[in-house]
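The values are calculated or read from the model by the stated rules, or taken from the named source; none is laboratory data. These figures come from a predicted structure and were not determined experimentally. Virtual Cβ from ideal backbone geometry, glycine too; neighbours counted across all protein chains shown.
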Amino acid sequence: MRTSAHGAHLRQPRVAVIGAGFGGIGAALALAEAGLRDVTIFDSAGRVGGTWQANTYPGAACDAPSHIYSYSFARQREWTRRFAPGPEIRDYLASCAAEHGLADRFEAATTVTAAHWTGRDWELTTSRGSRRFDVLVCATGQLNVPAYPALPGLADFAGPVVHTAEWPSDLDLAGRRVAVVGTGASAIQVVPAIVDRVAALTVFQRSAPYVFPKPDAAYSARLHRLWRLAPALRAAAGAAWWASFELFTLAFWKWPRAMWPLEAAHAALLARTVTDETVRRALTPDYRAGCKRILIGSGYHECFNRTHVRLETAPIVGVDAGGVRTAADHHDADVLVLATGFDTGTFASTLDVRGRDGLTLRQAWAGGASAHLGISVPGFPNFFLVYGPNTNLGSGSIVYMLETQAAHIADAVSRLADAPQQCAIEVDPAAHRRYADWLDRRLTGRTVWTTGCANWYRDGRGRDTHNWPGFMSTYRRRARRLNPADYRLIPLPRPATATGDTRIRHA
Ligand code: NAP
């Protein structure tokens, strides 16, 4: 464990962290760094890894360079490649947890189904019984509930139906006819990874994505030796990646029109890589680059030059035992792969979370998911989100955002631990309202995400509840430390009779 920069706290709040991915492990590490030792991490999976233990489909890898897709305090890893494959990232996360003493804080294969604020603390209902904690950190991610499309007849399909996020380890695709539904970030990785193995492959595309080749490369032993001798060089490489992504964010939230060179580059790329003109046209997106996630992955477009691969753009009208139907065609298939993404409207509200006065998170978010800096919600004392609403990025390092949230949470829990009497901490509704209004102004009508495509960022009302409309560094400046004026410390143990909310004093 890294040594605490802080002195001993007056008390050690019991903290539950739900989720053992980058967000949850990062939050637990930040709490430990702040000298907060009573932390328990729950995950329904049997091992650490979050999205990287769930997504094991062929070709799963990160589309952000590992130099920035890693914790700032653990960048000294010798990644095998510039863009590490999924299993390597999962092992990295597990080793970070083990090296920092979190292994015995991890309760694997334990699903938390409900949490309610008792007035003093949080009572959690888990698959192994009920538990109580002072603080609840929900780090379940934005992309953890696989979305199954409502295709008529799906249940009649005779072969395996596999969602990319639930890939069976023993699925053998050799010599099979495979239908892939969807052309998002998962599909463009799985398609080139299986194309050589299968007898026939049909990709069902509803809308064409922007896909650019991944500038990937294996790191040689010599380069690792150089970086060991001169760590500043590695840090410089990471800083260069970070700065270029930071600059690129501008095109997402401020100057969508600046995307045109990318669109032109994509057209040129298609002209170079796809031989059939009709297929090339079908693979050309009809919306502004960045409105949906820009995809980075090699070999996807080239697959459509292969004789056993077909791109189908007609809508799917149904599925039967032998394959997939469009209005004009029947595509025979032995295996159906659903690369159809995630249910992104839920955030943590898949859990039954009840805050003060029985208010549920679903009720609080009836008008759309919203959290102060994506972290805290009025009416939910001692409750924090990691990768909550409006903390996703079009370009950059999610790990950087998660570390910022972890620092904020550690700051909040430290204040609880050091308060002269036992307290709960809750964001002030007026502070949150000001923040939400600022966010709405930034998101309305000027970002690339609202330029007229269907994407998973916007909710039923058309409001973007996922993306951060600014620089990563701006978010860090605003969120790294809790602004005491934005929160209230509420004395416990008699919240029902406590009238004197205590504004936090500046340290
Ligand atoms: P996604 O980007 O949401 O893509 C889902 C695809 O399925 C889309 O092409 C969508 O079409 C299509 N689709 C959904 N329902 C359909 C239906 N009923 N009929 C036909 N097509 C349907 O999902 P994803 O590829 O799993 O990626 C989700 C997110 O996960 C990404 O945006 C990214 O943030 C993350 N991810 C990251 C990496 C990485 O390398 N870091 C890798 C994989 C995933 P439309 O586009 O027309 O809606």
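Computed values, structure above
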| read-out | value |
| --- | --- |
| Residues of segment 326-375 that turn out to be among the hydroxyl-bearing types (Ser, Thr, Tyr) and in a loop (DSSP other than H, G, I, E, B), as a count | 4 |
| Cβ-Cβ under 6 Å pairs, at least 6 apart or on other chains, segment 477-493 side more than 18 Å from Pro420 (Cα to Cα) and small (Gly, Ala, Ser), far side crowded, with 17+ Cβ neighbours inside 10 Å and at pLDDT 95 or above | Ala479/Leu373; Ala479/Thr404; Ala479/His408 |
| Complete set of residues in segment 195-206 that are more than 8 Å from the ligand (Cβ to nearest atom) and touching a residue at least 40 places away in the same chain (Cβ under 8 Å) | Val195, Val198, Ala199, Ala200, Leu201, Thr202, Val203 |
| Within segment 48-64, tally of residues that are closer than 23 Å to Val335 by Cα and touching a residue at least 40 places away in the same chain (Cβ under 8 Å) | 8 |
| Enumeration of residues in segment 376-395 that are over 29 Å from Cys291 (Cα atoms) and not in a strand (DSSP E or B) | Pro378, Gly379, Phe380, Pro381, Asn382 |
| Strands (runs of 3 or more DSSP E) completely within segment 87-171 that count 1 or more residues being without any contact (Cβ under 8 Å) to a residue 40 or more places away in the chain | 122-126, 129-133 |
| Among (1) surrounded by 15 or more Cβ atoms within 10 Å (Cβ to Cβ); (2) touching a residue at least 24 places away in the same chain (Cβ under 8 Å); (3) farther than 20 Å from Arg81 by Cα, the one test that Ala258 misses | (2) |
| Only one of Pro209, Pro192 that is part of a loop (DSSP other than H, G, I, E, B) and within 16 Å of the ligand (Cβ to nearest atom) | Pro209 |
| Residue count, segment 212-225 (criterion: within 16 Å of the ligand (Cβ to nearest atom) and not in a loop (DSSP other than H, G, I, E, B)) | 1 |
| Number of the condition not met by Arg228 [criteria: (1) among the basic types (Lys, Arg); (2) assigned to a loop (DSSP other than H, G, I, E, B); (3) at pLDDT below 95] | (2) |
| Filtered residue count, segment 272-297, keeping only those that are surrounded by fewer than 21 Cβ atoms within 10 Å (Cβ to Cβ) and within 22 Å of the chain's Cα centre (by Cα) | 2 |
| Hey, Gly460 more than 16 Å from Trp255 (Cβ to Cβ), modelled with pLDDT under 95 and not aliphatic (A, V, I, L, M) or not | yes |
| Residue among Arg488, Arg442, Arg461 that is surrounded by fewer than 19 Cβ atoms within 10 Å (Cβ to Cβ), of a type in the set (D, E, K, R) and not in a helix (DSSP H, G or I) | Arg461 |
| Some residue of segment 51-71 being within 28 Å of Leu416 (Cβ to Cβ) and modelled with pLDDT under 95 | yes |
| Residue within segment 330-344 that is within 14 Å of the ligand (Cβ to nearest atom), within 25 Å of the chain's Cα centre (by Cα) and of a type in the set (Asp, Glu) present | yes |
| Hey, Gly368 small (Gly, Ala, Ser) and within 16 Å of the ligand (Cβ to nearest atom) or not | no |
| Tally, over segment 320-361, of residues that are charged (D, E, K, R) and touching a Phe, Trp or Tyr at 6+ places or on another chain (Cβ under 7 Å) | 2 |
| Count of residues meeting criterion [out of contact with any Asp or Glu (no Cβ under 6 Å at 6 or more places or on another chain), more than 9 Å from the ligand (Cβ to nearest atom) and in contact (Cβ under 8 Å) with a residue 40 or more places away in the chain] in segment 172-189 | 4 |
| Residues (small (Gly, Ala, Ser) and either more than 16 Å from the ligand (Cβ to nearest atom) or under 24 Å from Thr404 (Cα atoms) (or both)) located in segment 456-472 | Gly470 |
| Some residue of segment 260-282 being away from the ligand (no atom under 16 Å from the Cβ) and of a type in the set (Phe, Trp, Tyr) | yes |
| So Ala103, is it surrounded by fewer than 18 Cβ atoms within 10 Å (Cβ to Cβ), away from the ligand (no atom under 16 Å from the Cβ), aliphatic (A, V, I, L, M) and under 18 Å from Arg14 (Cα atoms) | yes |
| Residue list for segment 396-420, restricted to those being within 13 Å of the chain's Cα centre (by Cα) and hydroxyl-bearing (Ser, Thr, Tyr) | Ser397, Tyr400 |
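Results for (1) within 16 Å of the ligand (Cβ to nearest atom); (2) more than 30 Å from Ser244 (Cβ to Cβ); (3) touching a residue at least 24 places away in the same chain (Cβ under 8 Å), shown as yes or no for each residue.
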residue: Ser376; (1), (2), (3): no, yes, yes
residue: Gly388; (1), (2), (3): yes, no, yes
residue: Gly396; (1), (2), (3): yes, no, yes
residue: Glu403; (1), (2), (3): no, no, yes
residue: Ala406; (1), (2), (3): no, no, yes
